[in-house]
Amino acid sequence: MSGESPYLSVVAVSRNDDHGGGLLGRMQQFVDCMSEQADLFRIPLELVLVEWNPPDGVPSLGEALSWPPPSEYFSARIITVPPEVHRKFSHADRLPLFQMIGKNVGILRARGRFVLATNIDIIFSNELVRFLSRKELEPGVFYRTNRIDVDSGLPTGASLGEKLAYCRSHVIRINSRYFLSSGGNIRALAMDVARNPSLLGYYLKNLVYKLKIPRLHYNACGDFTLLAKEDWEALRGYPELGMYSLHIDSLFLMAASFSGLRERVLRSPCEVYHLEHAIGSGITPGLGQKVLFERLEREKVPFLTWRDCVRIALELKSQLAGGDAVIRCNEGPWGLKDLPLPESLPGSGK
């Protein structure tokens, strides 16, 4: 990238542990598509990848992935959180990666005017990148969009256009504002429930709880939450809870809304595609959710229930009664601010 500061920083967290199956392949698609789109739409963009607690005996992400060389519009940085830092957190023996704390590490060190927190198996639609390239983002707004889950068999070696066409033709489900469905409409939702009746309770419970709090686009919000850097800093990033990442991203959205920031949900086709991972490695409805919760219970990994999330959000809101302008999601330093963390520039030879 030229001497110009990036307009957008894209922050994600990972480690080379094959989480969800085929991890490196999904990450490679993420990096390749993003770098090509940055050049195609001429948007100064940096990828800030936080490598959390790298496992022994395997290559680092800088070595394991094929990195495009820096260009006029695209650059990448890897910030490493070493194992000795990871071990200082509660439950570090049961959780190899603290996703939201890792995202805070990247958000705090991002150089862009705006910062997008996402994950490593996401591909942006061209329409979304074209919108971002217009540089019309505003402070005081948090941007959300739908996540479209697609089959992970994205062809390697295909062109960007072919990959995006594959995503559009291999939809598994649509994570829209209130529902997860295979077609994004009421008929498709009814078909989902007919195939898996347990989903009805999931949808209704989700909707009822959401009526008690700001009516925001919570579904899959960890895959696309975009704010001005100054707003991330005012809110002090995601709440840093030493537990599985479930609902922490939603908790942040509630804090942002309570603090007076306005949500803008981008309309289709400004959306993101998510390459499907193995059942139980993350939140998916029906069987996937059941398998995940059984694993967390079995391994005694703590996580937020939705009720816990709402309760904590209301506790955070009480800060505003004391005259604070915005909610502080963390007291004191956040994002490992006081630690000098190793940083490398993949693809540049540095």
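The values are calculated or read from the model by the stated rules, or taken from the named source; none is laboratory data. The shown structure was predicted, so the numbers you read here are calculated from the model rather than taken from an experiment. We place every Cβ from the backbone using ideal geometry, glycine too, and count neighbours over all the protein chains shown. Heads up: the accessible areas ignore ligands, DNA and RNA and are worked out on the full protein's heavy atoms, side chains in. Shrake-Rupley method; radii C 1.70, N 1.55, O 1.52, S 1.80 Å.
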Check: Contour minus end-to-end for Thr305 and Ser169, with contour as 0.36 nm per residue of separation and end-to-end as the Cα-Cα distance?
Finding: 45.6 nm
Item checked: Per residue solvent-accessible surface (Å²) - region 3-126, probe of 1.4 Å -> 34 Å²
Notebook entry, point to check: Extension gain Val141-Val85, at 0.36 nm per residue separation less the Cα-Cα distance, in nm?
Noted result: 16.9 nm
Notebook entry, point to check: Round to a whole number: what % of the accessible area of region 1-95 belongs to carbon and sulfur, probe 1.4 Å?
Noted result: 49 percent
Next item on the list: Just the number, please: carbon plus sulfur as a percent of the accessible area of region 297-350, 1.4 Å probe, no ligands or DNA/RNA counted.
Entry: 55 percent
Next item on the list: Search the structure for amide H atoms under 5 Å from the amide H of Val265, placed 1.01 Å from N in the peptide plane, and list their residues when 5 or more places away or on another chain.
Entry: Arg144
Check: In nm, to one decimal, how far is the modelled label at Ser159 from the one at Glu230, with both set 7 Å along Cα→Cβ?
Finding: 4.2 nm
Checklist line | Glu263-Asp93 FRET efficiency (beta carbon distance; Förster radius 35 Å; 0.05 resolution) | finding: 0.40
Notebook entry, point to check: Got a sec to turn the phi values of region 31-37 into Karplus ³J(HN,Hα) couplings, 6.51 cos²θ - 1.76 cosθ + 1.60 with θ = phi - 60°, whole Hz, x for Gly and Pro?
Noted result: 5, 4, 5, 5, 5, 5, 5
Check: Using a 1.4 angstrom probe with every protein chain in place, what is the largest-first accessible-area order of Asp93, Asp32?
Finding: Asp93, Asp32
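In what order, largest first, do Ile312, Ile122 sit by accessible area if the probe radius is 1.4 Å?
These residues rank, largest area first, as Ile312, Ile122.
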Note to self: Per 0.36 nm of contour for each residue apart, how much would the distance between Asp56 and Asp18 grow if the chain were fully extended, relative to their Cα-Cα spacing?
What the structure shows: 12.4 nm
Notebook entry, point to check: Any idea of Arg77's accessible area? Nearest 10 Å², probe 1.4 Å.
Noted result: 10 Å²
